[in-house]
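Trainee: Quick one: structure below, then a few questions.
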């Protein structure tokens, strides 16, 4: 069998079919692996292959010339933190690599050159699962640098798994901004025909250039089709599907706007911030915890947060935890009550949210909720649990504890609705 190079485009002939794809070296010497046009890898036992044809050799990398700025267009800064957005397949390793220069971005999405000039650079190449509070402060300071250069707006490329959490964190850290700060990601890498990377970039750029929006928001696919992207509220958005391109939806809220991908339409659905100076408070409190309530819990799960400044609980329903002793099997619940009391006495600020996607906590309905409030647990209204988590961390990093207990209950960035209407539902 011939020695093919990684990236060669091959056709393999089997007994009953022919398969075309890009050759990826395999660690198994008995298997030939191809990257198919669908984006998936296919391994074929070499014993089953009757013939292999080389259709096209691996393309050599070409050094591109620097892009000249157009004087008739504004400048957008793209700050990359990793993720699928700028990823392409590296067929030598069978995985993806990321490229972040303006030349790479415009090679990926040439139509961007008609919308704006671009600065594009890497902050940190990482999975969004590896984000820590300090990273949000780093991103905010890089945003500050770009705004001081006089750019029209900023796009943050980030992994989708924690994109919504990052948007909420940055929304609190950046109290005011004179330009749009739009977070985007990609559910599918740019080598795939179904990639959403280009459309999300184009729509975010159109929105920045053609509106007077001055806030933090998310731009992702509105639906599975390639028609519109939604501009989503930073603190009221959640990733609701693991792989669909329209995975991101507003919860207890509506999209700020819709942006046409192929046309020029930008339709706003609600009021939004305009103008403003740059105000950044980057501090976040590391000793802020998050606990999800489930059946069969133990007091040690609560006591593990001893010494923490804050704790967000994702409770059940209207905001409940195991608390009542009903029989010999529930004696542990008395210990849980005691653990919560000890945390509050030690100074931990505890906020209750709900595991339900829609609706809000109401701790006055059941006696268990009333008991939790008597202990000192603060109702988190309709805040998404992850939003409450980063909000509490930010408050603890910037305000005294007495003020934190008051501010956590106030709507600061659209994270709390005074009233939930019928339109904010499934």
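Trainee: At pLDDT 95 or above, loosely packed, with under 13 Cβ neighbours inside 10 Å, more than 23 Å from residue 233 (Cβ to Cβ) and outside the structural domain of residue 252 (by TED's automatic domain parsing), is that true of residue 337?
Mentor: Against the criterion (at pLDDT 95 or above, loosely packed, with under 13 Cβ neighbours inside 10 Å, more than 23 Å from residue 233 (Cβ to Cβ) and outside the structural domain of residue 252 (by TED's automatic domain parsing)), residue 337 does not qualify.
Trainee: Something else now. Based on what the data block shows, is residue 373 surrounded by fewer than 18 Cβ atoms within 10 Å (Cβ to Cβ), more than 29 Å from the chain's Cα centre (by Cα), over 27 Å from residue 173 (Cα atoms) and modelled with pLDDT of 95 or more?
Mentor: yes
Trainee: Can you find even one residue in the range 307-325 that is exposed (fewer than 15 other Cβ atoms within 10 Å of the Cβ) and within 32 Å of the chain's Cα centre (by Cα)?
Mentor: yes
Trainee: Between 238, 245, which is within 23 Å of the chain's Cα centre (by Cα) and free of Cβ contacts under 8 Å to residues at least 60 places away in the same chain?
Mentor: Criteria check complete, one pass: 245.
Trainee: Since residue 146 meets every condition but one in (1) touching a strand residue (DSSP E or B) at 6+ places or on another chain (Cβ under 6 Å); (2) within 23 Å of residue 257 (Cα to Cα), which condition does it not meet?
Mentor: (2)
Trainee: Read through the list (1) over 33 Å from the mean Cα position of the chain (by Cα); (2) at pLDDT 85 or above, then give the number of the only condition that residue 23 fails.
Mentor: Exception for residue 23: condition (1).
Trainee: Starting from residues that are assigned to a loop (DSSP other than H, G, I, E, B) and out of contact with any helix residue (DSSP H, G or I) (no Cβ under 8 Å at 6 or more places or on another chain), keep the ones in the range 100-121 and report whichever is modelled with the highest pLDDT.
Mentor: Only one residue tops the list, namely 101.
Trainee: Right, next: From 318, 291, grab the single residue that is more than 30 Å from residue 152 (Cα to Cα) and either without any contact (Cβ under 8 Å) to a residue 24 or more places away in the chain or in a helix (DSSP H, G or I) (or both). It would help to see each step written out before you state the result.
Mentor: Details: 318 fails: either without any contact (Cβ under 8 Å) to a residue 24 or more places away in the chain or in a helix (DSSP H, G or I) (or both).
Step by step, each of 318, 291 is checked, and only 291 is more than 30 Å from residue 152 (Cα to Cα) and either without any contact (Cβ under 8 Å) to a residue 24 or more places away in the chain or in a helix (DSSP H, G or I) (or both).
Trainee: Given the residues 83, 43, which is the only one that is assigned by TED's automatic domain parsing to the domain that holds residue 210 and at pLDDT 60 or above?
Mentor: After ruling out the rest, the residue left standing is 83.
Trainee: Oh, and also: Of all residues being under 17 Å from the mean Cα position of the chain (by Cα) and not in a helix (DSSP H, G or I) in the range 193-217, which is farthest from residue 155 (Cα to Cα)? Just the residue, please.
Mentor: Looking at the filtered set, the residue picked out is 195.
Trainee: Residues that are out of contact with any helix residue (DSSP H, G or I) (no Cβ under 7 Å at 6 or more places or on another chain) and closer than 30 Å to residue 162 by Cα: does the range 321-342 have at least one?
Mentor: No: the range 321-342 contains no residue that is out of contact with any helix residue (DSSP H, G or I) (no Cβ under 7 Å at 6 or more places or on another chain) and closer than 30 Å to residue 162 by Cα.
Trainee: Here is a follow-up. Which residue is nearest to the chain's Cα centre (by Cα), if the candidates are limited to the range 136-151 and must be part of a helix (DSSP H, G or I) and either surrounded by fewer than 14 Cβ atoms within 10 Å (Cβ to Cβ) or free of Cβ contacts under 8 Å to residues at least 12 places away in the same chain (or both)?
Mentor: 141
Trainee: Follow-up question, since we're still on this one. Does at least one position in the range 177-188 carry a residue that is farther than 24 Å from residue 104 by Cα, touching a strand residue (DSSP E or B) at 6+ places or on another chain (Cβ under 6 Å) and either assigned by TED's automatic domain parsing to the domain that holds residue 269 or surrounded by fewer than 19 Cβ atoms within 10 Å (Cβ to Cβ) (or both)?
Mentor: Scanning the range 177-188 turns up at least one residue that is farther than 24 Å from residue 104 by Cα, touching a strand residue (DSSP E or B) at 6+ places or on another chain (Cβ under 6 Å) and either assigned by TED's automatic domain parsing to the domain that holds residue 269 or surrounded by fewer than 19 Cβ atoms within 10 Å (Cβ to Cβ) (or both).
Trainee: Further, regarding this structure: Being modelled with pLDDT of 95 or more, more than 20 Å from the chain's Cα centre (by Cα) and within 29 Å of residue 354 (Cα to Cα): is that true of residue 252 here?
Mentor: No; evaluated as a whole, the condition is false for this residue.
Trainee: Residue 410: within 25 Å of residue 287 (Cβ to Cβ), free of Cβ contacts under 8 Å to residues at least 24 places away in the same chain and exposed (fewer than 15 other Cβ atoms within 10 Å of the Cβ), yes or no?
Mentor: When the stated conditions are applied, residue 410 passes them.
The values are calculated or read from the model by the stated rules, or taken from the named source; none is laboratory data. These figures come from a predicted structure and were not determined experimentally. Here the Cβ is made from the backbone with ideal geometry for all residues, glycine too, and neighbour counts use every protein chain on show.
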